[in-house]
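The block underneath contains the structure these notes are about, expressed in structure tokens.
The numbers here are math on the coordinates, done by the rules we state, and not lab data. If you're wondering where the values come from, they're calculated on a predicted model, not measured in any experiment. Here the Cβ positions follow ideal geometry from the backbone for every residue, glycine too, while neighbour counts run over all protein chains shown.
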Amino acid sequence: MTEQTATATLSFHDKTLELPIYSPTAGPDVIDIRRLYADGGVFTYDPGFTSTASCDSTITYIDGDAGELLHRGYPIDQLAENSHYLEVCYLLLYGELPTAGQLEDFEGRVTRHTMVHEQMHNFFRGFRRDAHPMATMVGVVGAMSAFYHDSLDISDPMQREIASVRMIAKLPTIAAMAYKYSIGQPFVYPDNTLDYASNFLRMCFAVPAEDYPVNPILSRAMDRILMLHADHEQNASTSTVRLAGSSGANPFACVAAGIACLWGPAHGGANQACLEMLKEIGTPERIPEFIARAKDRDDPFRLMGFGHRVYKNFDPRARVMKQSADEVLDLLGAENNPVLHVAKALETAALADPYFVEKKLYPNVDFYSGIILDAMGFPTSMFTPVFALSRTVGWISQWKEMIGDTRQKIGRPRQRYEGETRRDYVDVESR
Ligand code: CMC
């Protein structure tokens, strides 16, 4: 940890404690409360972790007020413009942009691992055909620990490395298989002559009966979606992966836990929920009705794709995503796409509404990603699986960082207990 720069004095009851303050390389100072319970006999109380830094990390930095996102120091818009997904994966995993030789080696290692164990095909067939692809992915990724026994020893750096490369390589194959299975089409094996994004598109949309030439503009758009979702600091699913990993669980089990957490509509499931909402709104005339519902405290409805725990300014990923949506719909000759039309009108209406302005609710990454995926031909049920495969590298990078940290402890929060105090058992006849 960085040097102590100041001290906070905490006085309560008859006690006064001196708590060290550290200044990180960027972001707010942190007050170190690790000895608070031992020295003061009290807990901190922060459900939802709105004021809690749960770890040290050097991977991703977000300035929510400035609307800035940096991976290893590099701004996301520069990466989205100039880099590509596997290069960003390398950056997240190893800390620096690769040289040409390092990139070639890394791409080769990932590409060699794109196929899944053939017996996994049988495993897929155990699921109901109409299973949501996220349900299938939680199961299949968890089951990777039953198929790849030679990369489960987390104390061996080489096994950690192999498990990492395996997951980055196989998640697109698994997501595509979950989709193909749900629509009753045969699985499409990976084609290692293609780049990562093109290969994924082909595994989703090709059929054995026909050629599937991958459109380079769609492949570039898919690559950008992957890049923009690659990591996002200590969000709910990443914290889930870290917490699962803190017990020493194997990396496949940890990433399966991350996928389960991502599925929720407040997190990765928002892209599916957002497109379904835009389709339900249907025409710009109905926007005031939906905005009124979002503002009504007695109505649980929220504008999906709006708001963020950390960003209180434009989500920088949403800007790039909006530009990509324009490009893709233009290419597909669908610039008058009704969903895009509703999305743009909704964004304008919300950004002019005092409720959204005062609460600093801006469009987030999920607002425009669904429109692109929809235009590419993905059903809404595949939106969150695409997010999951993009985020896998983030989960693994954060997990590797944690396992490599010698001060790492099992994550074990405490609670404010509000239940009954001790009472004696009563026999069933006397209750
Ligand atoms: N529509 C209407 N009101 C909202 C919205 C919204 N989308 N988001 C927040 N608010 C209101 C909320 O009702 C609350 O009002 P009040 O102060 O009067 O009680 C206030 O804004 C603060 O909201 P919060 O729920 O306390 O904020 P949070 O940081 O706990 O939640 C969020 C963040 C992303 C879960 C939330 O904004 C939300 O539910 N958004 C819609 C779902 C969504 O788009 N999620 C994707 C997030 S980005 C990708 C990812 O992380 O996976």
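Values computed for the structure shown
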{"item": "Given charges at Cβ of Lys, Arg, Asp, Glu: region 204-279 dipole, positive-most of LEU243, VAL207, ASN271", "result": "LEU243"}
{"item": "Three-way shape call for region 266-399 based on the alpha-carbon gyration tensor, with the a/c threshold at 1.5", "result": "oblate"}
{"item": "Distance (nanometres) between label positions extended 7 Å along Cα→Cβ at ALA292 and ARG220", "result": "4.4 nm"}
{"item": "Under 5 Å, built H, 5+ apart or other chain: amide partners of GLU68", "result": "ASP63"}
{"item": "Sparse-neighbourhood loop sites, trypsin sites (Lys or Arg not before Pro) in region 227-310 - DSSP loop, at most 11 other Cβ within 10 angstrom", "result": "ARG297"}
{"item": "Over 25 Å between alpha carbons, listed pairs LYS170/LYS322; LYS170/LYS312; LYS170/LYS344; LYS170/LYS400; LYS180/LYS344", "result": "LYS170/LYS322; LYS170/LYS312; LYS170/LYS344; LYS180/LYS344"}
{"item": "HN-Hα J in Hz across region 401-407 - Karplus 6.51, -1.76, 1.60, θ = phi - 60°, x for Gly and Pro", "result": "4, 5, 5, x, 8, 5, 8"}
{"item": "Contour minus Cα-Cα distance for VAL428 and ASN336 (0.36 nm per residue)", "result": "26.3 nm"}
{"item": "Burial ordering of THR25, THR392, THR406, fewest other beta-carbon atoms within 10 Å first", "result": "THR406, THR25, THR392"}
{"item": "Region 152-219-region 69-144 distance, computed between alpha-carbon centres (Å)", "result": "9 Å"}
{"item": "Fewest-first ranking of MET203, MET137, using other Cβ atoms within 10 Å as the exposure measure", "result": "MET203, MET137"}
{"item": "Gaussian network model of the chain, Cα within-10 Å springs - most flexible of LEU373, LEU79, LEU36", "result": "LEU36"}
{"item": "Three-way shape label, region 19-152, alpha-carbon gyration tensor, a/c 1.5", "result": "oblate"}
{"item": "Cα-based shape type of region 176-297, given that a ≥ b ≥ c are square roots of the gyration tensor eigenvalues and the cut on a/c is 1.5", "result": "oblate"}
{"item": "Contour excess over end-to-end distance, with Cα ends at ARG129 and THR58 and 0.36 nm allotted per residue", "result": "21.4 nm"}
{"item": "Length added when fully stretched, HIS121-GLU104, from 0.36 nm per residue minus Cα-Cα", "result": "3.1 nm"}
{"item": "Total charge dipole magnitude, the chain, about the Cα centre, Cβ charges on Lys, Arg, Asp, Glu only, Debye to nearest 20", "result": "880 debye"}
{"item": "Rounded to the nearest 20 debye, dipole of region 184-232 from Cβ charges on Lys, Arg, Asp, Glu", "result": "100 debye"}
{"item": "Rounded to the nearest 20 debye, dipole of region 241-339 from Cβ charges on Lys, Arg, Asp, Glu", "result": "560 debye"}
{"item": "Leading residue at positive end of dipole, region 36-119 (Cβ point charges), from HIS113, LEU70, THR99", "result": "HIS113"}
{"item": "Cα→Cβ-extended label distance, 7 Å offset, between SER247 and ASN192, nm", "result": "3.6 nm"}
{"item": "Relative contact order for the chain, counting Cα pairs under 8 Å that sit 6 or more residues apart, in percent", "result": "19 percent"}
